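Note sheet for the following structure.
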Number of protein chains: 2
Amino acid sequence: MPTERKDINSLTIAENNLSGQEMFKILDKAKKLESMGKKIIHLELGQARFQPPVNLKKALIKSIMEKNYGYCSSFGLIELREGIVKKVSNINVNIDNVIISTANLLITQALHLLCNINDKVIVFTPTFPTYISSCQFLNLQLKEINLEFKNNFNLTIEDIDLAVKSNPRAIIINSGNNPTGAVYSSSNLDYLDKVCKLNNIWLISDETYRDLSYGVSYHSMDRYDNKNIIIISSFSKIFSIPGFRLGFAISNKMIIDKLALSNATLFSCLPIFTQFAISEIICTSDKYISNVNHKTSFLIKKVILLLSKSKWLKSSYVAPKSGFYIFLDISKSNLSGVEFCEMILNKYSVACTPGVSFGQSFDSYVRLSICGKNKDVIQGVSRIINYFGTISYDE
Amino acid sequence: MPTERKDINSLTIAENNLSGQEMFKILDKAKKLESMGKKIIHLELGQARFQPPVNLKKALIKSIMEKNYGYCSSFGLIELREGIVKKVSNINVNIDNVIISTANLLITQALHLLCNINDKVIVFTPTFPTYISSCQFLNLQLKEINLEFKNNFNLTIEDIDLAVKSNPRAIIINSGNNPTGAVYSSSNLDYLDKVCKLNNIWLISDETYRDLSYGVSYHSMDRYDNKNIIIISSFSKIFSIPGFRLGFAISNKMIIDKLALSNATLFSCLPIFTQFAISEIICTSDKYISNVNHKTSFLIKKVILLLSKSKWLKSSYVAPKSGFYIFLDISKSNLSGVEFCEMILNKYSVACTPGVSFGQSFDSYVRLSICGKNKDVIQGVSRIINYFGTISYDE
């Protein structure tokens, strides 16, 4: 006879919130419409239209032919870690300071490593949604500090003071910001580093778009003492390979060793052949990256020009300084960002991401990814502009 | 002036335990010795010596040539999910019941989804270390129920009753067991399913070695109603591609939808090209798998024959019914498993994994992976046997 407990519970799942990433839900909706024969313009995902470097593809195939199907060290492929060290300007960074993982996952891994349950984490919003969903995943207390449109969504000394005053365990910054394209100033980052060290606050700096800045100097946190800093970055954007799911972290040796244990616990290691392919080109791709940068900023400028000519949208954006997103204020539509995205997908076949994904105060915004084919992007943005032309306002 | 908090804390990391996987630490040690010129025999990792199916390599290169570098759905590639559905015997399983992720990571994802902090989880030890390290990672209460050598490490009705009585949120089983090679009986799994449903206990069934059983029938949990069951499996072992880091889960639609959110939160999605390659061969690889199976069981039998002839080790193992591991009792060495592994690596250049990684009561065991080249494996095992010949016992 099977045992039946007296204190029997109902079959429930955990109380954790799982929010995922809104853009992937929109991608799924868009793909569904496409499978029904509709042609959709994708402005929702940060997926570059460029081909990866030719030598990367060659190296990938070479690595596959050479039978690299086995396990790798949990720290990642040594050749790739060496390549990353060469790219960092700080001479104190060596191979013991670098670990390979998926950049998106590193956010959860770093927060898990640094924070106990219910610890407070600061993000400056609008910002990349995974910081928010990772905090939910790990039962951390998230505090969003809203950056302001009037400041071009830049991080100010007042924002930093506000963050420190609320006594957080960790602060996450994302310069080369997704979704605003803001690049934080050298002096403000100096101040941030100083107050975080003074107050023993961990600093996670997501520098995924560091090499995709234009018209401004980029300031990496890699120039500071890393005793309280974890830098996270990704190869997805600079080499146009988001599907590789490869990134890295730079920190002090104690943190890197712990992250290797986190890797081993969570997924053992990453594929050798993708790591090998990147290691082959990482130190010889400056021309490729500057070409991507040039083409991206060219398209961004074209889109900005279009928006600047729109009666309704000319004051609804901040021209980005990095990356390939435009964070657009759509409040004149009288729709929420979520409603706007639903409407513009169904009626205009344009997929974009609601602003609320990037911070709870931003539901009058949407994010446009300006990284598809020029023609598609221009057409998608034009449809959005046209939509605003079709509605009348009480102004 | 930078703000300094009054309630300043010291800079510490979280109190979480991160234990990783011991075999990866040994791999790193072994690689270090190799870099110093030593030739090491690897019996620590479950990394098959076989080449993957020829068509898989072709499909992988085809997919890379076709530029599949982009993002994928968080559920995984639809063609691969369809392929998995075709391989499952239960006709009630359809594409909504399948999600792609890394099998090792799915353990943490499933536990995170099902359990609140401090919930109790049962594992039957010895068992795969990630169950243990995932529970630590998630702050869950782990209870190890030791299976017994005298029962050939099989799961018994008494073990199941003991598990249910301790009122767990979830039970994890691993038939086709790593490290013992035990395959649980149909009647005992029937009983387990019944009592878990009756008591609203979640059941996670790791079936990574399901297709690598020999001499016995394998019984998958996929034949039961999946309202409380999550099946996890991997392509690593059946296609000899541990470096792909690809696996899947099968469950009810609600769980699969939540796991897609978990994927989106943690890593967005997995590479398209590896998923595509497997989707191309998944339904036509029976011959490849049976060939791998045949060669694996052949080598296992050779090793068992060697051990059976050893005066000191002839009663120190249970012949496995699946997979490619032998869990060896090394208590006659008067060393702990950890000490034994250290010694045999340094003095005999053989890497193996201490038993304590598979359950805290098993530090008089080590795990041998019987999946390298025949010659290497035989030589590695022979060195271990020779070592026992060199020590004298007070018997």
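The values are calculated or read from the model by the stated rules, or taken from the named source; none is laboratory data. No experiment lies behind these values; they were computed from the predicted model shown. When we count neighbours, we look across all protein chains shown, and the Cβ atoms used for this are built from the backbone with ideal geometry, even at glycine. For accessibility, only protein heavy atoms count, side chains too; no ligands or nucleic acids. Shrake-Rupley method; radii C 1.70, N 1.55, O 1.52, S 1.80 Å.
Which pairs do you get when a residue that is more than 10 Å from every other protein chain (Cβ to nearest Cβ) and closer than 22 Å to residue B:107 by Cβ, found in the stretch B:150-172, comes within reach of a residue that is of a type in the set (Gly, Ala, Ser) and part of a helix (DSSP H, G or I), reach meaning Cβ atoms under 6 angstrom, with the pair 6+ apart or on two chains?
B:171/B:163
Of the residues B:245, B:210, which is touching a Ser or Thr at 6+ places or on another chain (Cβ under 7 Å), of a type in the set (Lys, Arg), at the interface with another protein chain (Cβ under 9 Å from one of its Cβ atoms) and open to solvent by 10 Å² or more (accessible area, probe 1.4 Å)? Before you say what the answer is, go through the steps one by one.
Working: B:210 fails: at the interface with another protein chain (Cβ under 9 Å from one of its Cβ atoms).
B:245 is the lone residue from the list that is touching a Ser or Thr at 6+ places or on another chain (Cβ under 7 Å), of a type in the set (Lys, Arg), at the interface with another protein chain (Cβ under 9 Å from one of its Cβ atoms) and open to solvent by 10 Å² or more (accessible area, probe 1.4 Å).
Those residues that are part of a helix (DSSP H, G or I), hydroxyl-bearing (Ser, Thr, Tyr) and either open to solvent by 40 Å² or more (accessible area, probe 1.4 Å) or more than 13 Å from residue A:313 (Cβ to Cβ) (or both), I need them from the stretch A:377-395; list them, please. Steps first, answer last, please.
Here is the first cut: in the stretch A:377-395, the ones part of a helix (DSSP H, G or I) are A:377-390.
Adding the requirement that they be hydroxyl-bearing (Ser, Thr, Tyr) leaves A:382, A:387, A:390.
The one that is part of a helix (DSSP H, G or I), hydroxyl-bearing (Ser, Thr, Tyr) and either open to solvent by 40 Å² or more (accessible area, probe 1.4 Å) or more than 13 Å from residue A:313 (Cβ to Cβ) (or both): A:390.
Open to solvent by less than 20 Å² (accessible area, probe 1.4 Å), closer than 26 Å to residue A:271 by Cβ and of a type in the set (Ser, Thr, Tyr): which single residue out of B:234, B:175 fits that description? Talk me through it step by step, then tell me what you get.
Values: B:175 fails: closer than 26 Å to residue A:271 by Cβ.
Result: B:234 is the single residue among B:234, B:175 that is open to solvent by less than 20 Å² (accessible area, probe 1.4 Å), closer than 26 Å to residue A:271 by Cβ and of a type in the set (Ser, Thr, Tyr).
Would the stretch B:71-85 turn up any residue that is open to solvent by 10 Å² or more (accessible area, probe 1.4 Å) and under 21 Å from the mean Cα position of the chain (by Cα)?
no
Residues that are in a loop (DSSP other than H, G, I, E, B) and either at pLDDT 75 or above or farther than 24 Å from residue B:303 by Cα (or both): does the stretch B:20-31 have at least one?
Step one: list which residues in the stretch B:20-31 are in a loop (DSSP other than H, G, I, E, B), which gives B:20-21.
Retained after the next criterion (residues that are either at pLDDT 75 or above or farther than 24 Å from residue B:303 by Cα (or both)): B:20-21.
Yes: one or more hits.
Determine which single condition residue B:146 fails, assuming it passes every other condition in (1) under 18 Å from the mean Cα position of the chain (by Cα); (2) surrounded by fewer than 18 Cβ atoms within 10 Å (Cβ to Cβ); (3) facing chain A (nearest Cβ under 10 Å).
(3)
Go through (1) open to solvent by less than 50 Å² (accessible area, probe 1.4 Å); (2) β-branched (Val, Ile, Thr); (3) more than 22 Å from residue A:353 (Cα to Cα) for residue A:157 and report which single condition fails.
It fails just one condition, (1).
Conditions: (1) more than 9 Å from chain B (Cβ to nearest Cβ); (2) surrounded by fewer than 24 Cβ atoms within 10 Å (Cβ to Cβ); (3) β-branched (Val, Ile, Thr). Residue A:195 meets all but one. Number of the miss?
(1)
Please pick out the residue among B:141, B:136 that is modelled with pLDDT under 95 and out of contact with any helix residue (DSSP H, G or I) (no Cβ under 7 Å at 6 or more places or on another chain). Spell out the reasoning first.
Details: B:141 fails: modelled with pLDDT under 95.
The match here is B:136.
Listed residues B:292, B:303, B:318; which is over 30 Å from residue A:110 (Cα atoms), within 14 Å of chain A (Cβ to nearest Cβ) and either buried (at least 18 other Cβ atoms within 10 Å of the Cβ) or over 21 Å from the mean Cα position of the chain (by Cα) (or both)? Walk me through it before giving the result.
Details: B:303 fails: within 14 Å of chain A (Cβ to nearest Cβ); B:318 fails: within 14 Å of chain A (Cβ to nearest Cβ).
Among B:292, B:303, B:318, only B:292 is over 30 Å from residue A:110 (Cα atoms), within 14 Å of chain A (Cβ to nearest Cβ) and either buried (at least 18 other Cβ atoms within 10 Å of the Cβ) or over 21 Å from the mean Cα position of the chain (by Cα) (or both).
Quick check on my filter: what residues within the stretch B:189-214 are charged (D, E, K, R) and in contact with a Pro (Cβ under 7 Å, 6 or more places away or on another chain)?
Our first condition is that a residue be charged (D, E, K, R); within the stretch B:189-214, this holds for B:190, B:193-194, B:197, B:206-207, B:210-211.
The one that is charged (D, E, K, R) and in contact with a Pro (Cβ under 7 Å, 6 or more places away or on another chain): B:194.
For the stretch B:321-356, what are the residues that are under 25 Å from residue B:214 (Cβ atoms) and of a type in the set (Lys, Arg)?
B:321 - this is the single residue of the stretch B:321-356 that is under 25 Å from residue B:214 (Cβ atoms) and of a type in the set (Lys, Arg).
Quickly run through the stretch B:65-101 and pick out the residues that are outside any helix (DSSP H, G or I), more than 13 Å from chain A (Cβ to nearest Cβ) and hydrophobic (A, V, I, L, M, F, W, C).
So in the stretch B:65-101, the residues outside any helix (DSSP H, G or I) come out as B:66-77, B:88-94, B:98-101.
If we keep only those that are more than 13 Å from chain A (Cβ to nearest Cβ) as well, we get B:88-94, B:98.
Once the filter is applied, which keeps residues that are outside any helix (DSSP H, G or I), more than 13 Å from chain A (Cβ to nearest Cβ) and hydrophobic (A, V, I, L, M, F, W, C), the stretch B:65-101 yields B:88, B:91, B:93, B:98.
Take the stretch B:64-100 and flag every residue that is within 24 Å of residue A:52 (Cα to Cα) and at pLDDT 90 or above. Reasoning before the result, please.
Taking the stretch B:64-100 and keeping what is within 24 Å of residue A:52 (Cα to Cα), we get B:64-74, B:76-77.
Of everything in the stretch B:64-100, those that are within 24 Å of residue A:52 (Cα to Cα) and at pLDDT 90 or above turn out to be B:74, B:76, B:77.
Anything in the stretch A:110-122 that is at the interface with chain B (Cβ under 7 Å from one of its Cβ atoms) and either touching a Lys or Arg at 6+ places or on another chain (Cβ under 6 Å) or farther than 17 Å from residue B:265 by Cα (or both)? List them, or say none. If you could, list the steps in order and put the result at the bottom.
Within the stretch A:110-122, the first condition is being at the interface with chain B (Cβ under 7 Å from one of its Cβ atoms), and the residues that meet it are A:112-117.
A:113, A:114, A:115, A:116, A:117, listed by residue number.
When only residues in the stretch B:263-286 that are hydroxyl-bearing (Ser, Thr, Tyr) and touching a Gly at 6+ places or on another chain (Cβ under 7 Å) count, which is most open to solvent (accessible area, probe 1.4 Å)?
Initially, the stretch B:263-286 is screened for residues hydroxyl-bearing (Ser, Thr, Tyr), giving B:265, B:268, B:274, B:279, B:284-285.
So of that shortlist, the ones also touching a Gly at 6+ places or on another chain (Cβ under 7 Å) come out as B:265, B:279.
On the way: B:265: 1, B:279: 23 Å².
Restricting to residues being hydroxyl-bearing (Ser, Thr, Tyr) and touching a Gly at 6+ places or on another chain (Cβ under 7 Å), the top hit is B:279.
Hey, among A:205, A:187, which residue is open to solvent by 30 Å² or more (accessible area, probe 1.4 Å) and under 18 Å from residue A:147 (Cβ atoms)? Break it down stepwise before answering.
Details: A:205 fails: open to solvent by 30 Å² or more (accessible area, probe 1.4 Å).
Of the residues listed, the single one that is open to solvent by 30 Å² or more (accessible area, probe 1.4 Å) and under 18 Å from residue A:147 (Cβ atoms) is A:187.
For the stretch A:253-360, please list each of the helices (runs of 4 or more DSSP H) lying entirely inside it that holds at least 1 residues being out of contact with any helix residue (DSSP H, G or I) (no Cβ under 7 Å at 6 or more places or on another chain), closer than 19 Å to residue A:177 by Cβ and at pLDDT 95 or above. Give the steps one after another, and end with the answer.
Details: elements: A:253-266, A:272-281, A:286-308, A:337-348.
Ranges flagged: A:286-308.
Against the definition (more than 26 Å from the chain's Cα centre (by Cα), at the interface with another protein chain (Cβ under 10 Å from one of its Cβ atoms), open to solvent by less than 20 Å² (accessible area, probe 1.4 Å) and modelled with pLDDT of 85 or more), how does residue A:107 come out, yes or no?
It is false that residue A:107 is more than 26 Å from the chain's Cα centre (by Cα), at the interface with another protein chain (Cβ under 10 Å from one of its Cβ atoms), open to solvent by less than 20 Å² (accessible area, probe 1.4 Å) and modelled with pLDDT of 85 or more.
How about the stretch A:86-102: which of its residues are of a type in the set (A, V, I, L, M), open to solvent by 10 Å² or more (accessible area, probe 1.4 Å) and within 24 Å of the chain's Cα centre (by Cα)? Show your work before the answer.
Here is the first cut: in the stretch A:86-102, the ones of a type in the set (A, V, I, L, M) are A:88, A:91, A:93, A:95, A:98-100.
Those left that are additionally open to solvent by 10 Å² or more (accessible area, probe 1.4 Å): A:88, A:91, A:93, A:95.
Hits for the stretch A:86-102 are A:88, A:93.
Take the stretch A:340-358 and flag every residue that is among the aliphatic types (A, V, I, L, M) and out of contact with any strand residue (DSSP E or B) (no Cβ under 6 Å at 6 or more places or on another chain).
Taking the stretch A:340-358 first, the residues among the aliphatic types (A, V, I, L, M) are A:343-345, A:350-351, A:356.
Within the stretch A:340-358, A:343, A:356 qualify.
Given the conditions (1) within 26 Å of the chain's Cα centre (by Cα); (2) open to solvent by 10 Å² or more (accessible area, probe 1.4 Å); (3) over 15 Å from residue B:46 (Cα atoms), and given that residue B:374 satisfies all but one, which numbered condition is not satisfied?
(3)
Of all the residues that make up the stretch B:30-52, how many are within 11 Å of chain A (Cβ to nearest Cβ) and either within 26 Å of the chain's Cα centre (by Cα) or closer than 20 Å to residue B:236 by Cβ (or both)? Lay out the reasoning, then the answer.
Going through the stretch B:30-52, the residues within 11 Å of chain A (Cβ to nearest Cβ) turn out to be B:30-32, B:35, B:42, B:44-52.
From what's left, either within 26 Å of the chain's Cα centre (by Cα) or closer than 20 Å to residue B:236 by Cβ (or both): B:30-32, B:42, B:44-52.
Summing the residues that are within 11 Å of chain A (Cβ to nearest Cβ) and either within 26 Å of the chain's Cα centre (by Cα) or closer than 20 Å to residue B:236 by Cβ (or both) in the stretch B:30-52 gives 13.
Return the residues of the stretch A:102-123 that are under 18 Å from residue A:201 (Cα atoms) and not in a loop (DSSP other than H, G, I, E, B); say none if nothing qualifies. Quick ask: steps written out before the conclusion?
Taking the stretch A:102-123 and keeping what is under 18 Å from residue A:201 (Cα atoms), we get A:107-123.
Matches in the stretch A:102-123: A:107, A:108, A:109, A:110, A:111, A:112, A:113, A:114, A:120, A:121, A:122, A:123.
Mind counting the residues in the stretch A:255-287 that are hydroxyl-bearing (Ser, Thr, Tyr) and within 14 Å of another protein chain (Cβ to nearest Cβ)? Walk me through how you get there before you give the answer.
Step one: of the stretch A:255-287, the residues hydroxyl-bearing (Ser, Thr, Tyr) are A:262, A:265, A:268, A:274, A:279, A:284-285.
Keeping just the survivors that are within 14 Å of another protein chain (Cβ to nearest Cβ) gives A:262, A:265, A:268, A:274.
The number of residues fulfilling the criteria is 4.
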